[in-house]
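The values are calculated or read from the model by the stated rules, or taken from the named source; none is laboratory data. Since we're looking at a predicted model, the values are computed, not measured. With ideal geometry, Cβ positions are generated from the backbone for all residues, glycine too; neighbour counts draw on all protein chains shown. Note: accessible area is taken over every heavy atom of the protein model, side chains too, but ligands, DNA and RNA are not part of it. Shrake-Rupley method; radii C 1.70, N 1.55, O 1.52, S 1.80 Å.
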Amino acid sequence: MNAAPADQIRLLDLQAFDSRLDQLAHRRRTLPEHAEIDKATADHNALKDLVVAAQAQLGDTTREQAKAEADVEQVRTRAARNQQRMDSGAVSPKDLENLQHENTSLAKRQGDLEDIVLEVMERLESAQTRVVELTARLEHSSVVVAEAEGRRDAKFAEIDGEVEKARRDREAVANVIPADLMKSYLRLREQQGGVGAARLYQRRCEGCRTEFSITEFNAIKAEPADKVLRCENCGRILVRTGESGV
């Protein structure tokens, strides 16, 4: 393939813009904010699960307290009804004895149930406190995630601005490169890890850093200026410039 030396040199400008765009894309993908967001999001989701579990525990304890209080009230009601019957004087001595015995048992039962109510109330207070604390932490974690996303988006905007400028500059160069030369460059760029054209600097290919022998270099020097050369080692387009020594 042949191409004007000026068009071959333009490949180096094009390569510089493509390399810059690759660097910007890599920078965008590897921003430290990504890891920060991932960690903050994982922490937020873990807290969300803890809040759900704490709320479920609070609900269970609330129902447990209601049942315990209802049991106490039921015992109190029965004891009060028995007391009214005893106070009425309308019961036989045997029934009076039975009622007295039952109320003694009910008093003990009431005491046991009230102890249960107190124990449940303590657990309920602890559950309420945990829900409040976890909810506050969850709200704070939302702020942490949002702030990290804000920093990431600011970096995105900065990078995207650089990308837009590099793309405009690249397009200006690409538009004047012959189609066949551009096609070859793009194919090699895809095959060679993003670098399709490299400068020949003195006796070295700057694409693979291979230094040519005197014989190889003399053969390069003998090629016409419009001949599109390829590095024998890496296969990239080898561009001659004023610093190539040819």
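Just a few scattered comments:
- Size estimate for segment 1-60 follows the Kirkwood approach: the inverse of mean 1/r over distinct Cα pairs works out to 16.1 Å.
- Residues whose placed amide H lies under 5 Å from that of R236, excluding near-sequence neighbours: C231
- Rounded to the nearest whole angstrom, the semi-axes of the ellipsoid equivalent to segment 62-163, taken from the Cα gyration tensor as √(5λ), stand at 66, 10, 6, largest first.
- Restricting attention to the chain, the count of lysine pairs at 8 or more positions apart or across chains with alpha carbons under 27 Å apart stands at 8.
- Percent breakdown of C-alpha pair distances by 5 Å bin, ordered from the shortest bin, for segment 135-246: 2, 10, 14, 15, 12, 10, 7, 6, 6, 5, 4, 4, 2, 1, 1, 0
- Read-out percent of Cα pairs over 35 Å apart, derived from the coordinates shown; its label in (i) 31; (ii) 58; (iii) 9: (ii)
- Given their separation in residues at 0.36 nm each and the Cα-Cα distance between them, Q83 and K221 gain 37.5 nm when the chain is fully extended.
- Per residue value of the accessible surface for segment 1-82 (all protein chains in place, 1.4 Å probe), Å²: 59 Å²
- Per atom type, the chain shows carbon and sulfur on 51% of its accessible surface, probed at 1.4 Å.
- Cβ-based net charge around E190, under 15 Å, with every Lys or Arg adding one and every Asp or Glu removing one: +2
- As a calculated quantity, the FRET efficiency between A107 and A35 at R0 = 41 Å, using C-beta atoms, amounts to about 0.05.
- Considering all C-alpha pairs of segment 179-232, those separated by over 19 Å amount to 31%.
- Using the 1.4 Å probe convention, the accessible area of segment 112-246 works out to 60 Å² per residue with neighbouring protein chains retained.
- Taken over segment 77-128, the alpha-carbon convex hull comes to 58 cubic angstrom per residue.
- Taking the DSSP bridge list for the chain and keeping only pairs wholly inside it, about 60 percent are antiparallel.
- Among A172, A136, A80, residue whose mean-square fluctuation peaks in a GNM of the chain (springs only between Cα atoms under 10 Å): A80
- Electrostatic tally near G245: other residues with Cβ closer than 11 Å to its Cβ, Lys and Arg +1, Asp and Glu -1, net +3.
- Taken along its three principal axes, the alpha carbon spread of segment 1-136 comes to 128, 22, 16 Å, from the longest extent down to the shortest.
- Ellipticity estimate at 222 nm from DSSP helix runs (n ≥ 4, -39,500 (n - 2.57)) divided over the chain, nearest 500: -28000 deg cm²/dmol
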